[in-house]
Amino acid sequence: MNTQYDLIVLGGGPAGLAVATLQARQGQTVALIDNSDPHAEKVGESVPASFNPLLKKLGLPELTDEHHCRIAGSDTYWSGGRVKYDFMLHLNGSDWRLNRRQFEKDLFDAAIQSGVEVVSTQATQLGKSDAINGSHIWCVSTTSRSLPYISQFIIDASGRSGLIARKLNVKKYKSEPLIALWASVEISEERYQYLSSETLIETQHNGWWYAAKLPNRKLMFVFHTDSSFAVRAAHNHSLWFESLLETNLISKTFPVSLLKNTLVNTHNARSSVLDTPFGSSWAACGDAAIGFDPVSSQGIYNAIATAGMLDKALNSPDRTRALEHYGDTLKQVAKVYMQKRIALYEQAKRFYQTEFWINQCRYEKRRDSDSENQSAISNPEAATA
C-alpha cells in the first residue's frame with residue numbers, strides 16, 4: 001500500500017481533476033482525495049466559447065454537441081434595463097452549457113487513465129511537519145485506511161472551503177455572503193425543444209436570478225441573495241417560488257409553475273480571493289484560489305485555467321520563481337474581476353438602493369482561523385463562512 005506521493009490534491013472538482021491529470025502525465029505520483037458524490041446534481045454550467053480551445057491546449061477532454069449544448073445568447077434584465085445579446089454575432093462563436101455530470105466524468109476518466117490514484121473518502125485530519133532535510137511534510141488522514149497519505153507538496157482544490165488556506169491561516173478577500181438558492185426541473189422533450197436556449201438573468205431588490213435550459217432536458221433556476229433571505233426561505237419554502245413568480249422576464253419565458261413544490265438547494269456563491277495562493281509546500285487553484293461570482297460565468301473556466309497555470313509552474317526548473325509568477329498572475333486576474341463585478345453591482349445599487357446591493361459592493365480582507373479549518377475537514381458544507 002503506497003503512503004508517499006509526489007503530490008496530494010485535495011478536491012475532485014474540475015480544478016483538482018485537471019491539475020492531478022496534468023501532473024500525473026509528467027510522471028508524478030498523485031493521490032487525489034475527495035468525498036463528494038459524483039452523481040449529485042451541481043449548479044454552475046456556463047462556460048465561454050474560449051473554453052474548448054483551453055481544453056485542447058491542455059490535452060483535456062473537449063466539449064462535444066453530443067453531451068453539451070451551445071448557448072444562443074443572453075437576455076438580461078438588469079436594474080430596469082433589458083439587453084439581448086446574440087452569440088451568432090460573437091467572434092469566438094457560442095458559449096457552452098455543460099452537462100456537469102458528463103463533463104466531470106470525462107475529467108475523472110482522464111485522471112484515472114493518466115495514473116492518478118483517486119481516493120473517494122473524507123479527509124479527517126490534515127497535518128504539516130518539518131522533515132529532516134528542512135522541507136515540509138503533509139500528512140492527510142482519511143476514513144478509508146489507517147495509514148495517512150504523505151507528500152512534500154499539496155494542492156488545495158477544495159473549492160471555496162479552502163482547507164489548506166484555513167489550515168495555514170492565509171488572508172483572504174471576501175465579498176458579503178452570497179447564497180445561491182437553486183432548483184431544477186425535468187420537462188418533456190416536446191416542451192424542451194421549443195424553449196429558448198438563451199441565458200436569462202434578472203435582478204430584484206434583494207438579489208438576482210439566473211435561468212437556463214440544460215443539456216439533460218432540465219431547466220435550472222437560481223436566485224442569488226443574502227443570508228437573511230436564505231434563512232427566511234429555509235423556514236418558508238414558498239418565498240423562493242414567490243420571488244420567481246415576480247420576475248418580469250424569466251416567468252414569461254419559462255414554465256415556472258412547474259417549480260411550485262420543487263426542493264430548493266443552497267450553494268455558497270460569495271466571491272473570495274486568497275491574498276497569497278501558494279507557499280513553499282502548497283498551492284491553491286480553482287475556487288480555492290479565486291471564487292468567482294456566478295454572474296461572471298467564469299468559475300469553471302477559472303478552475304481549468306488555474307489548474308493549467310499551476311501545472312506549468314510546478315514543472316518549471318525554478319519552481320519558486322514560477323509559483324511567484326503564478327501568484328502575481330492570479331492577483332492581476334482578481335483585480336480586474338473585482339473591478340468589473342463591483343461596477344456591475346454598483347449599477348444595480350444605484351437603481352434599487354437596498355441593503356443587499358449596497359452590501360454586495362463591499363470587500364473585506366479576513367484571516368481564516370484554524371478552528372474553522374477543523375470544522376471544514378469534518379463537515380465541508382460548514383466552510384461557507
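The values are calculated or read from the model by the stated rules, or taken from the named source; none is laboratory data. This is a predicted model, so every value here is computed, not measured. So basically every Cβ, Gly included, is an ideal-geometry build from the backbone, and we count neighbours across all protein chains shown. Protein only, heavy atoms only, side chains kept; ligands, DNA and RNA dropped before computing areas. Shrake-Rupley method; radii C 1.70, N 1.55, O 1.52, S 1.80 Å.
Just one of the listed residues (Lys42, Lys57) is modelled with pLDDT of 90 or more and open to solvent by 20 Å² or more (accessible area, probe 1.4 Å), namely Lys57. Scanning region 231-270 for residues that are in contact with a helix residue (DSSP H, G or I) (Cβ under 9 Å, 6 or more places away or on another chain) and of a type in the set (Gly, Ala, Ser) yields Ala233, Ser243, Ser251, Ser257, Ala269. Of all the numbered requirements in (1) more than 19 Å from Phe278 (Cβ to Cβ); (2) in contact with a strand residue (DSSP E or B) (Cβ under 7 Å, 6 or more places away or on another chain), Gly162 misses one, and that requirement is (1). Are any of the residues in region 188-210 within 22 Å of Arg101 (Cβ to Cβ), in contact with a helix residue (DSSP H, G or I) (Cβ under 9 Å, 6 or more places away or on another chain) and in a strand (DSSP E or B)? Yes: region 188-210 contains one or more residues that are within 22 Å of Arg101 (Cβ to Cβ), in contact with a helix residue (DSSP H, G or I) (Cβ under 9 Å, 6 or more places away or on another chain) and in a strand (DSSP E or B). Can you confirm whether Lys174 is open to solvent by less than 20 Å² (accessible area, probe 1.4 Å) and among the basic types (Lys, Arg)? Spelling it out, Lys174 is indeed open to solvent by less than 20 Å² (accessible area, probe 1.4 Å) and among the basic types (Lys, Arg).
Residues checked against (1) under 19 Å from Arg101 (Cβ atoms); (2) in contact with a Cys (Cβ under 8 Å, 6 or more places away or on another chain); (3) not β-branched (Val, Ile, Thr):
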site	(1), (2), (3)
Arg217	yes, no, yes
Val222	yes, no, no
Ser228	no, no, yes
Arg232	no, no, yes
Ser238	no, no, yes
Phe241	no, no, yes
Thr247	no, no, no
Ser251	no, no, yes
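Of all residues in region 289-302, those satisfying the criterion of being part of a loop (DSSP other than H, G, I, E, B) and within 16 Å of Ser175 (Cβ to Cβ) are Ala289, Phe292, Asp293, Gln298.
Filtered by the rule that a residue be in a helix (DSSP H, G or I) and more than 13 Å from Asp287 (Cα to Cα), region 303-321 gives Gly308, Met309, Leu310, Asp311, Lys312, Ala313, Leu314, Arg319, Thr320, Arg321. Of all the numbered requirements in (1) in contact with a helix residue (DSSP H, G or I) (Cβ under 9 Å, 6 or more places away or on another chain); (2) over 20 Å from Ala24 (Cα atoms); (3) without any contact (Cβ under 8 Å) to a residue 40 or more places away in the chain, Ser316 misses one, and that requirement is (2). Residues in region 186-214 that are surrounded by 18 or more Cβ atoms within 10 Å (Cβ to Cβ) and among the charged types (D, E, K, R): Glu198, Glu202, Lys213. State whether the residues of region 101-124 include one that is within 26 Å of Leu22 (Cα to Cα), modelled with pLDDT under 90 and either part of a strand (DSSP E or B) or among the basic types (Lys, Arg) (or both). Within region 101-124, one or more residues are within 26 Å of Leu22 (Cα to Cα), modelled with pLDDT under 90 and either part of a strand (DSSP E or B) or among the basic types (Lys, Arg) (or both).
With respect to the conditions (1) more than 18 Å from Ser158 (Cβ to Cβ); (2) at pLDDT below 95, Ser272 lacks only one, and its number is (1).
One residue stands out among those in region 155-169 that are within 13 Å of Lys128 (Cβ to Cβ) and outside any helix (DSSP H, G or I): the one that is modelled with the lowest pLDDT, which is Asn169.
Within the set of pairs 6+ apart or on separate chains, which have a first residue in region 332-345 that is without any contact (Cβ under 8 Å) to a residue 40 or more places away in the chain, a second that is open to solvent by less than 50 Å² (accessible area, probe 1.4 Å), and C-beta atoms under 6 Å apart? From residues that are without any contact (Cβ under 8 Å) to a residue 40 or more places away in the chain, the pairs are Ile342/Cys361; Tyr345/Gln360; Tyr345/Cys361. Considering Tyr326, Tyr337, which residue is open to solvent by less than 70 Å² (accessible area, probe 1.4 Å), under 26 Å from Val43 (Cα atoms) and among the hydroxyl-bearing types (Ser, Thr, Tyr)? Within the list Tyr326, Tyr337, the selection yields Tyr337.
Do we find that Ala289 is surrounded by 19 or more Cβ atoms within 10 Å (Cβ to Cβ) and in contact with a Gly (Cβ under 8 Å, 6 or more places away or on another chain) in this structure? When the stated conditions are applied, Ala289 does not pass them.
Each row is one residue, and each column tells you yes or no for (1) polar (S, T, N, Q); (2) modelled with pLDDT of 95 or more.
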position	(1), (2)
Glu176	no, no
Leu181	no, yes
Gln204	yes, yes
Ser238	yes, no
